[in-house]
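Novice: Okay, here's the structure, questions in a sec.
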């Protein structure tokens, strides 16, 4: 009888140990599953973010295509809201629409009249139509880097300009300090193109480029 009792007690101890090991394995598997799910979530978010970044190129190119035939005309002296173009640029423009002290100009990316901000001025962007396999929402605004609307040659206006360089140097070879550089008499204006792309899982990318013609 004593021998049978001892065997039963050993068997009971073995079962308890087995259950404990199985519990630890279950917890480890649960942790592994959660880790895999988290990694997949991070990877998925990265893919969505990368997709919106790639799509910003389409917005930039569309804005450049719109500017190109108009760059040397007086058409760009005035705002063109329907095309997302503004003939002046203020340093207090907020492109991510987050509230900031002293900020007054926001962009209506979400088509709600800048309801989530304390905007005094709400700029209308140009939204591109979705074509082909493009599923992201692409929008842009163009700002001429001038203080005010109107002619860039107006004395009351102040525009960011650069003189066109015709040639690196009137002499052949490397440019040397003290040597003159040839410039043309004409200047070109700068334009800021800000593109915003919104994709899946509310992923958003905003990119700005400065161009001239």
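Novice: With no solvent and one equal point scatterer placed on each C-alpha of segment 44-151, evaluate the Debye formula and give log10 I(q)/I(0) for q = 0.11, 0.12 Å⁻¹, two decimals.
Specialist: One equal scatterer on each Cα of segment 44-151 leads to -0.40, -0.48.
Novice: What is the Rg over Rh value, at two decimals, for segment 75-138, using alpha-carbon atoms and the Kirkwood definition of Rh?
Specialist: 1.02
No value in this document is a laboratory result; all are computed from the given coordinates. Treat the numbers as computed from the prediction; the structure is a model and nothing was measured.
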